[in-house]
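*Asks:* Got a structure for you, written out below as structure tokens; questions coming shortly.
Read the figures in this text as sums done on the coordinates, not as results from a lab. Only a predicted model underlies this, so the values are computations on that prediction, with no experimental measurement involved. With ideal geometry, Cβ positions are generated from the backbone for all residues, glycine too; neighbour counts draw on all protein chains shown.
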Amino acid sequence: MRKTVTDDPGRARERDGSRERWHLVYAHRTRLVELARRRLPSAADAEDCVHEAFLRAVGHPRLDPDRAGGFLTVTVLRLCVDFHRRAQRTDRLLYRLRDPGYAPAPEQIVLAHSAALAMLEAVTRLPHRQRQVVCERLGGSSTAEAAGRLGVSVKSAESALTRARARLAREQAAREQAMAAL
């Protein structure tokens, strides 16, 4: 079977400009790998982190070539944080699984469930834009990706997220204070 131009993925990439994007992001590779390597336990993890950042940058519909370095740096740093969060969750789970006698007390289960419901209710009470940005972030989107999907500027999305976090923190503190009074 003879390949046509549209059958060749390399040519399709050339047409849509992604080849230039790959060259643009790849120019930052060494610096980004060094940055990630200082924050992650292995060179392979650092490489994976940088490759994920490259994919996000190349796929970003409004990537500004003049700000690609900053975008990539922030993305790599956030991916490093995500890596450590996942590792902590895994460590906690493994600790619980290792101890055959471990079972949370019924009160702990009820309190955790109650806290989760209270936080969910607090999110539903947020103003519309704040709720949208929080839900996007909970879904794994970056603030920039959320801004793009919501049709607002990154600064607007960051501001909405900051206000939402502050409001949720105040509500959480009030709940904890009320629980302590019991």
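*Asks:* Tell me the volume per residue, in Å³, of the convex hull enclosing the alpha carbons of the stretch 104-182.
*Replies:* Values: hull volume 6.9 nm³, N = 79.
Cα-based convex hull of the stretch 104-182, divided per residue, equals 87 Å³.
*Asks:* Right, here's the next one. Under a no-solvent Debye model with one identical scatterer per Cα of the chain, what's log10 I(q)/I(0) at q = 0.12, 0.13, 0.14, 0.17 Å⁻¹?
*Replies:* Relative scattering, expressed as log10 I(q)/I(0), comes to -0.82, -0.91, -1.00, -1.18.
*Asks:* What percentage of all Cα-Cα pairs in the stretch 10-103 are separated by more than 16 Å?
*Replies:* 59 percent
*Asks:* Grab the DSSP H runs of the chain that are 4 residues or longer, score each as -39,500 (n - 2.57), total them, divide by all residues and round the 222 nm result to the nearest 500 deg cm²/dmol. Working shown, then result.
*Replies:* On the way: 9 runs with 142 residues, N = 182.
After summing the helix terms and dividing by residue count, I get -26000 deg cm²/dmol.
*Asks:* Oh, and also: Before anything else, pin down the relative contact order of the chain: Cα pairs under 8 Å, at least 6 apart, normalised by residue count, whole percent. The partial results should precede the final answer.
*Replies:* Details: 100 pairs, mean separation 23.4, N = 182.
Computed over the chain, the figure is 13 percent.
*Asks:* Between Trp22 and Ala87, what's the calculated FRET efficiency when r is the beta-carbon distance and R0 is 30 Å? Round to 0.05.
*Replies:* Calculated value: 0.50.
*Asks:* Given points 7 Å out from each Cα along the Cα-Cβ axis, report the Ala112 to Thr124 separation in nanometres with one decimal.
*Replies:* Spacing of the two 7 Å Cα→Cβ label points: 2.3 nm.
*Asks:* Something else now. Once the piece of chain linking Glu47 and Leu77 is laid out straight, how much longer is it, given 0.36 nm per residue of separation minus the C-alpha distance between them? Each step should come with its number before you reach the end.
*Replies:* On the way: separation 30, 0.36 × 30 = 10.80 nm, distance 1.29 nm.
Result for the pair: 9.5 nm of gain on full extension.
*Asks:* Looking at the stretch 79-182, which trypsin sites (Lys or Arg not before Pro) are in a loop (DSSP not H, G, I, E or B) and have at most 14 other Cβ atoms within 10 Å?
*Replies:* Arg125
*Asks:* Right, next: Which loop chymotrypsin sites (Phe, Trp or Tyr not before Pro) in the stretch 30-107, with loop taken from DSSP, have no more than 11 other Cβ atoms within 10 angstrom of their Cβ? Provide the component values of the computation, followed by the final result.
*Replies:* On the way: sites: Phe54, Phe71, Phe83, Tyr95, Tyr102; in loops: Tyr102.
Answer by residue number: Tyr102.
*Asks:* From the phi angles alone, apply the Karplus equation (6.51, -1.76, 1.60; θ = phi - 60°) to the stretch 170-182 and give each ³J(HN,Hα) in whole Hz, x where the residue is Gly or Pro.
*Replies:* Working through the residues one at a time gives 5, 5, 5, 4, 5, 5, 5, 5, 5, 5, 5, 6, 6 Hz.
*Asks:* Output the relative contact order of the stretch 10-103, whole-number percent, from Cα pairs under 8 angstrom with separation of 6+ residues.
*Replies:* Details: 54 pairs, mean separation 25.3, N = 94.
Reported relative contact order: 27 percent.
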